[in-house]
Each structure stands twice: as structure tokens, then as C-alpha cells.
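Just so it is clear, none of the values below were taken in a lab; they were calculated from the coordinates. Keep in mind that this is a model prediction, so the values were computed, not measured. Positions of Cβ are backbone-derived with ideal geometry, glycine not excepted, and every protein chain shown enters the neighbour counts.
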Amino acid sequence: MSRTPTVPDSVVPVPSNGAEPVAAGGDAERDPSPVLGPDPRAAYREALLELAAADPRVICLDSDTGGLEDTFGERFPERYVNVGIAEANLMTVAAGLARRGFVPYVHTMATFATMRAGEFLKLDVVGNRLPVRVIATHGGLAAAHFGTSHFALEDLAVTRALADLAVVVPGDARQIGAATRQLHELPGPGYLRLGRSATPVPPGPAPGFLLGRARVLREGADITLVAAGPLPLLFALEAAQELAGDGIGAQVLDLHTLHPLDQDGLLAGCRGRAGVVTVEEHRPQGGLGDAVAEVVSAELALPLRRLAVRGRPGARVAGQRAALEAHGVSTGAVVDAARELVARSTAAGWDRRPRERTTGRTTRTSDRRATVPPPDDEVMTMAGSALVPDEDRIRYVQSVFQRVLKLPQDVSADDDFFALGGTSLTAMEVIDLIEAEQGLRVPVRNFYQATIVRELAGELPPAGAESDGGV
């Protein structure tokens, strides 16, 4: 079988077998009414058997997961090894086989792959950039009925941090075959997160899949809903349908590949909207929401709401969907977050046009940064104020940024709030602090157009000047 040439990061997007590649923005709007999709584990096993028939290097390593012995084990007994409930050993055996020229597929539950065997995944597999495929089932709360030992709500934070590991979370079980085939073509390691049982999927033909490329499932000009995984994607589609009844057009983006992340597709899907809502079956830290925030906050002045599993699931026995809904991830939560962002942005004067910021160092629009000479007089013209910032106002804004972001280092006059690590939430803290200490009203839109220290200082009245209560 042909192999993809090695690249420095060991992760490259490859086309699906016979599927038409679809980038973000290219898909037609779909009716989100759900139908029950195929069993994800059955869909994966079928794809694995096809790969094994075509490539004799494929080895199936099991950890008593059940089902593989009756499928792969019966058809290819000489290439099936069950190491038992020993996940750390599973990873080291896979690394050894990969070093000898095989392509091992290791099978365990997501929490065991990343928590119990995380050190061996990091050192033996990813550290050596070996072509091991980790098939992690029971992702998120798919095994909610088993209790907390089987929850996998941190696995994406772990795997995203391993830079040479491809991380894929199919949002539709019909994508699993293409995802498995494309992961097989990578020269380095891959992590495929699957559920346990069949979940609803959008009606119509099976969607295309292109590793490392976001996919638009529904067009909308007002708000962007970004989801990863079957139920989060279902919630986003259901919410988009409900929001349409309010006259709010929601773009639904399936960000099935968390690494390599489709930054261009993500930015294209968010640009010009009132905000972004992320939906995931994971803790708020380190998963889809953080991945989106890292890209969007660096390039677009957009507020973002992250819907993720909060609190302590497991106190009461529940199924997967019920457990998610009880802990902050539901269709209603997506609708509420989207409505709130649209309302706030509209009140702040949102006009759907890409914003451009001018600083003393760069002119920055949504997708480019070009160095320009600083203006001779350093006059800031945001909101028509044309105030020249004095040193007292600059020092005050520096202090605000440092206090809100809890920065140990000094802040310069040319530092950008978001480049220092600010988020849409901490931006609101800055606005609230200035309003409380200075008695000024700071419109959200004005802040997002003046996030450099010197810019924001230019929006404040000089020391001793009378304030009209606004900026």
C-alpha cells in the first residue's frame, strides 16, 4: 500500500477514498431532523477488516474490549493479539511492533488510553512518531451508565497536547470508515475517539470526510456553532433549526479533526458573525473550546461561549444524552448561548463586517497581518475620539491588563490584550473594572476595536477631565 511521505509534524491531511473533499463553507444546508446512525464500533471494525485485507502490516492489539476476537481474530488470527486488561503494556507492545515495520491498531476505552496508559502513549508511541493507531471507544460520557471510572472527559486535552498525534472525533458514525482509512495513510500516530452505541445522525447521504478540514453542515450569517462528536453536533443542528424560527441564521461547523486543526476553515466559518458557540463532550479545559479560542481570539474580535461538561457527573446514574444535558451540554444551552451573543453584539452595534484594527505596529484584519510604519502622531481614531494617550492613561491601562490577567511581567504600551492571553470572558472583567474605577461606560464593541494598551488608553479621557459617562 502506498505511504504518505513523512513531514516534520508527522500529521498531514489526506483525501478520502473516492469522496469529494468539502472544505468549510462548501456544504449545503441540511434538515437536522435526526435518524439513528450505524453502531460506531461495528462501522470501525468493518473498515479495519478492509485495511487488514489490503495491508499485511496491520496488527490488531486488543485489551479485552470484546467483539474484535469474533471479527478480526477469526479472519486474521495470526495478526490478532489480546494483551488483556493491561493498557500500559498495550502501548509498549504496539510501539515495539511499529518499530519492526508493522502498523498496530490498539483498542481500549478512551479514559484508559489517555489516563492509565498516558505516559506510555506519550513516550513510547508519540515520542518516537510511530505509526500506531489508538482506537479509543466510550469517549466522553458514552459509558455514563458504568460510572465515573469509565468517563472520558479529559482525553482530548491530553491528546491535543501531544503535538505529533493526529486527533479525530467523528461527528457522524458514517464518517468512521473514511477517517480510519485516512489515519492509516499517516506516517505518524493517530487517535480516533469513538462512542459506544449508535447515536442519531442527520438524514441524507453519508457526509464526506477530509482529515484536517472542517465541514459546514448548515449555512448561517449571524452566529457560528462549532461542534465535535455525535451528540454535540446533533445539539448544534437542533439549535440551529430552533434559532431559525427566531430569524437567527446559525452556521454549524463540524470540527472533527482537533489536530491538525483547520484554522483557515474555522476562521472562514466564524468571520463576520456575532460570536461563536462551541459544543463538546469534554471538560471545558483543553478540548474543542480551547482549540477554537486559541485560533479565533488571535485573529477575530468575537465573543465565544464554550459549552462543555461541568460539575460532577456520576452522582446519579443516567444515559449518555441525559448525563450531558444535566451538566450543561444540550440543545437548549446552545440556543440560549447563541441568543445571548446575538443580543449583546447587536446592542454593541454589530454590523456583520470584518473589523480592522490599526495599531502602531500592525494593520490586522481577520486573516492577515502586515507590518506598517507607526503613525507620526500616534493618534488613535477609534470611535471618533482622536485622543492622544498620555502616560497616566497608558500606565492605568497597563495596570488593568496586569491585574485582570494576573501577569507576572510588565505590560508594554504596545501589548495586545488577546496576545497576552486574554479571552472574551476576561475582556468583560476589564470593561467592568474600568467602569467601576473610572465611572465610565465602555461599549463592548469599542473595547474589541481597541485591545492594544495604547489604543484603549486613547479612548479614556485625560486625567482631570470631566466624563460624560461614556467612552
Shape category assigned to segment 62-113 from the gyration tensor of Cα positions, a/c cut at 1.5: oblate
Rg(Cα) / (2.2 N^0.38 Å) computed for segment 52-210, rounded to two decimals: 0.99
Segment 232-282 versus segment 139-187: alpha-carbon centroid distance in Å: 19 Å
Calculated FRET efficiency for the pair Ala198/Arg441, C-beta based, R₀ 35 Å, to 0.05: 0.10
P(r) tail fraction, segment 82-149 - alpha-carbon pairs more than 16 Å apart, %: 43 percent
Convex hull volume per residue for segment 183-271, taking Cα atoms only, in Å³: 104 Å³
Prolate/oblate/rounded call for segment 129-182, Cα gyration tensor, a/c under 1.5 rounded: oblate
